[in-house]
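Participant: Here's a structure for you.
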Amino acid sequence: MAREEPIDVVTVFAGAPEPPQRGWWDARTGFANSDESVAARRREDETAFAGTPHRRTYLDLLELQHTPTRTAGDREKIGRAVTEWLSRNPAGAIAIPAGAGCSQARVARWLRRLRRQDCWAPHVDHLNVRNVVLDALRGSGATPLLYEEVPYLFGAPADREAARAAAAGGWRAEPVDVEIDRDRKASRVAAYASQIPHISPDEGRLDDPLILPRVERYWLLRRTSA
């Protein structure tokens, strides 16, 4: 966010179902239906990026609450977005969620029950995106960059998932810690007003600088020699 050079930011699950629905997360966050929530959350995204040079793209895939399964067509759309970007930026870097949080074995149960006391689970859609993007990057000259996600890092760090994802693709994961300005980050996070009360940890709200970690954690994926 703080870079002066423009980057390309893709919001993957920005589609609106037809006819409109009221998914479980729509209901929890106080929206009447999916049309209302999708429009509001896109406005929040635009507010968060206001004043930056960064370019934004919205794919029309549905959120998990609005569709029972992920299809081959979903994966193809994500992969196509990656390969099209690579055609313009063959040696670029692509940042992908690492998958912080409790064990994947508990993810489905967490999503069904939505009880944070069980665990902070990585979002299964985020894991799907990670895996599809890494598959698309195999054999390319681009550099994958995994990042530890707020709020899921409150469940567990992403080291294990980063190592697992790297090994599956024939990479090694090199950790990189970046100190941040928590006040500036919190001011951007605050744009997501509809989400903050429902995704904040027990320690406090995510738009409070004192709650945010002082360091953001990343993993550069480098090819192994063999």
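Participant: Residue by residue through region 28-37, note down the ones that are of a type in the set (A, V, I, L, M, F, W, C) and either in contact with a Phe, Trp or Tyr (Cβ under 9 Å, 6 or more places away or on another chain) or closer than 15 Å to I196 by Cα (or both).
Facilitator: Selection gives F31 alone.
Participant: Being part of a loop (DSSP other than H, G, I, E, B) and under 18 Å from the mean Cα position of the chain (by Cα) is the filter here; which residues of region 158-177 pass it?
Facilitator: A158
Participant: Go through (1) part of a loop (DSSP other than H, G, I, E, B); (2) out of contact with any helix residue (DSSP H, G or I) (no Cβ under 7 Å at 6 or more places or on another chain); (3) among the small types (G, A, S) and name the single condition A193 misses.
Facilitator: (2)
Participant: With the condition kept exactly as written, say whether any residue in region 108-117 is closer than 19 Å to Q195 by Cα, polar (S, T, N, Q) and either at pLDDT below 95 or surrounded by fewer than 16 Cβ atoms within 10 Å (Cβ to Cβ) (or both).
Facilitator: Taking region 108-117 as the starting set, the residues that turn out to be closer than 19 Å to Q195 by Cα are 110-117.
Still in the list and also polar (S, T, N, Q): 117.
From what is left, the residues that are either at pLDDT below 95 or surrounded by fewer than 16 Cβ atoms within 10 Å (Cβ to Cβ) (or both) are 117.
Yes, region 108-117 contains at least one residue that is closer than 19 Å to Q195 by Cα, polar (S, T, N, Q) and either at pLDDT below 95 or surrounded by fewer than 16 Cβ atoms within 10 Å (Cβ to Cβ) (or both).
Participant: For region 16-34: of the residues being among the hydrophobic types (A, V, I, L, M, F, W, C) and out of contact with any strand residue (DSSP E or B) (no Cβ under 9 Å at 6 or more places or on another chain), which is surrounded by the fewest Cβ atoms within 10 Å (Cβ to Cβ)?
Facilitator: Going through the qualifying residues, I end up with A32.
Participant: When L64 is evaluated against the numbered criteria (1) in contact with an Asp or Glu (Cβ under 7 Å, 6 or more places away or on another chain); (2) at pLDDT 95 or above, which criterion, by number, is the only one it fails?
Facilitator: Against the list (1) in contact with an Asp or Glu (Cβ under 7 Å, 6 or more places away or on another chain); (2) at pLDDT 95 or above, L64 comes up short only on (2).
So that you can scan it fast, the table gives a plain yes or no per residue for (1) within 23 Å of D74 (Cβ to Cβ); (2) in contact (Cβ under 8 Å) with a residue 60 or more places away in the chain; (3) among the β-branched types (V, I, T):
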{"residue": "D8", "(1), (2), (3)": "yes, yes, no"}
{"residue": "A14", "(1), (2), (3)": "yes, no, no"}
{"residue": "E18", "(1), (2), (3)": "yes, no, no"}
{"residue": "Q21", "(1), (2), (3)": "yes, no, no"}
{"residue": "D26", "(1), (2), (3)": "yes, no, no"}
{"residue": "R43", "(1), (2), (3)": "no, no, no"}
{"residue": "T47", "(1), (2), (3)": "no, yes, yes"}
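Participant: At least 3 residues that are of a type in the set (S, T, N, Q) in each: list the helices (runs of 4 or more DSSP H) lying fully within region 20-89 that qualify.
Facilitator: Numbers: elements: 24-28, 34-48, 72-88.
In region 20-89, the matching helices (runs of 4 or more DSSP H) lie at 34-48.
Participant: Another one. Looking at R214, R138, which is the one that is touching an Asp or Glu at 6+ places or on another chain (Cβ under 8 Å), among the charged types (D, E, K, R) and exposed (fewer than 15 other Cβ atoms within 10 Å of the Cβ)?
Facilitator: Of the residues listed, the single one that is touching an Asp or Glu at 6+ places or on another chain (Cβ under 8 Å), among the charged types (D, E, K, R) and exposed (fewer than 15 other Cβ atoms within 10 Å of the Cβ) is R214.
Participant: Restricted to region 35-69, and to residues that are among the hydroxyl-bearing types (S, T, Y) and in contact with a strand residue (DSSP E or B) (Cβ under 8 Å, 6 or more places away or on another chain), which residue is surrounded by the most Cβ atoms within 10 Å (Cβ to Cβ)?
Facilitator: Y58
Participant: Here's a follow-up. If you scan region 196-210, which residues turn out to be out of contact with any Ser or Thr (no Cβ under 7 Å at 6 or more places or on another chain), in contact (Cβ under 8 Å) with a residue 12 or more places away in the chain and in a loop (DSSP other than H, G, I, E, B)?
Facilitator: S200, P201, D202, E203, D207, D208, P209, L210
Participant: Hey, can you tell me all the residues within region 126-143 that are under 12 Å from V82 (Cα atoms) and out of contact with any helix residue (DSSP H, G or I) (no Cβ under 8 Å at 6 or more places or on another chain)?
Facilitator: Once the filter is applied, which keeps residues that are under 12 Å from V82 (Cα atoms) and out of contact with any helix residue (DSSP H, G or I) (no Cβ under 8 Å at 6 or more places or on another chain), region 126-143 yields only R138.
Participant: Further question on the same structure: Return only the number of the condition from (1) of a type in the set (K, R); (2) at pLDDT below 95; (3) part of a strand (DSSP E or B) that R217 does not satisfy.
Facilitator: Among (1) of a type in the set (K, R); (2) at pLDDT below 95; (3) part of a strand (DSSP E or B), the lone unmet condition for R217 is (2).
The values are calculated or read from the model by the stated rules, or taken from the named source; none is laboratory data. These figures come from a predicted structure and were not determined experimentally. Using ideal geometry, Cβ is built from the backbone for each residue, glycine included, and neighbour counts are taken over all protein chains shown.
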